[in-house]
Amino acid sequence: MLLLLFMWLSRWQWWQLLGSWSRLDQRLSTPLLLQAVSKVEEMAARANCSQRLPDVLIIGARKSGTRALLDMIAMNSKVVVAPQEVHFFDRESNYGRGLQWYRHQFPVACDDQVVLEKTPKYLVHPATPRRVFEMNPNILLILLVREPVERLVSDITQLSLKRVGLGLAPIQLPSAIFQMVGANRVFSNSSARWRLREKSTPVQVGVYQRHLRRWLRHFDRHRLLVLDSGALMNDPATTLARVEQHLHVPHEITRHNFYFNASKGFYCLRRGDRGVASGNSSRSGEAGSEDPLVSVKCLGSTKGQRHLQLPEPFRHRLRRYYAPHNAKLYRLVGEDFGWPVD
Ligand code: A3P
């Protein structure tokens, strides 16, 4: 019983105890304990619970809202997630540890639950699709894609902030993405004098169709759900319904599980063990809930950061670069995400 309590708490902590929960106060402790005990009893009643290899992977793309998606789908009681990016398939040091090691990176899950992991690097790592296929050819995949220019600027912004955190100089735009050409290298904002660093990793991540093709060499199209990050940001409930359907889990997550936080500019999560949470669920529902059985969570400060400025002519160049790749992506996916073309 104690062991089960420990195992269950290790999952619970992501939602309730150790995370960046707002409004967590003393009043929560008694109901939480009661919930914990009843959950443990429930788990004890269900015999087949163990640490398992994943049934689903969120494979990317970096800076497309993968953390938001993971936290949101984890609100479904039939989904068990690895709280951190495991980097099993893309890091030789981890891959070399074998499937037994990988299995132990996941919380305990029962027979009626699906196990999910997200590591955005999987999308672009060349050997990963084959490795995943060798582990489980029936695995389900989710790819979240963001308009590539926005994604790129977000990526560079995050890299720059990391550097600043280490006491290094911030990254400059446009020079991180474009290289100045020509003899007279005086500063010029005319984008014609700059050449795109096409081969650089941050630029290449947004060529989604190329990565997707590599995955589709191993997996049937129907195993892969491709979602637009804009849809997740603007209408998380509808997007999560699609994810639940893809995962074949009961539809539990509704618009009541989200409220729009105007100061963050994003939807935050509201979860209550009474099913539908109390309170306002609309975009004006700025506050969370005062109900002690309902907990709220917004993503941390590394999400939704102020982007570095990239002048319009450079954005224009990038949009033109990505446009044919986006068109190929839409054809592969069978859906037009309507991203700007120039
Ligand atoms: P920005 O920081 O550029 O705004 P990832 O988790 O894959 O690194 O993606 C981070 C991005 O998730 C953020 O990029 C943000 O735009 C996006 N996002 C989508 N839905 C969000 C939500 N509900 N809360 C916070 N960020 C969200």
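The values are calculated or read from the model by the stated rules, or taken from the named source; none is laboratory data. All values reported here derive from a predicted model rather than from experimental measurement. Here Cβ is always computed from backbone atoms with ideal geometry, including for glycine, and neighbour counts include all displayed protein chains. Please note that ligands, DNA and RNA were not included when accessible areas were found on the heavy atoms of the full protein model with its side chains. Shrake-Rupley method; radii C 1.70, N 1.55, O 1.52, S 1.80 Å.
Here are the numbers:
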| quantity | calculated |
| --- | --- |
| Where labels lie 7 Å past Cα in the beta-carbon direction, separation of THR302 and GLU198 in nm | 3.2 |
| Spin-label model distance (nm) - LEU166 vs LYS78, 7 Å beyond Cα toward Cβ | 4.4 |
| Label-reachable residues, the range 224-252, where backbone N falls under 16 Å from a point 7 Å from ARG103's Cα toward its Cβ | none |
| Rounded FRET efficiency, nearest 0.05, which uses the C-beta distance separating CYS110 from LEU53 and R0 of 25 Å | 0.95 |
| List ILE156, ILE171, ordered by accessible area with a 1.4 Å probe, largest first | ILE171, ILE156 |
| Full-stretch length increase - ASN94, ASN136 - with 0.36 nm per residue and alpha-carbon distance subtracted | 13.4 nm |
| Paramagnetic reach from HIS222 (point 7 Å along Cα→Cβ, amide N under 19 Å) across the range 235-252 | 242-250 |
| Sites SER263 and ARG213 - FRET efficiency at Förster radius 25 Å, r taken between beta-carbons, to 0.05 | 0.05 |
| Whole-number accessible area per residue in Å² for the range 78-193, which is evaluated in the context of all protein chains at 1.4 Å | 44 |
| Shape category assigned to the range 142-231 from the gyration tensor of Cα positions, a/c cut at 1.5 | prolate |
| Pairs beyond 29 Å (Cα-Cα), from LYS118/LYS297; LYS199/LYS297; LYS78/LYS121 | LYS199/LYS297 |
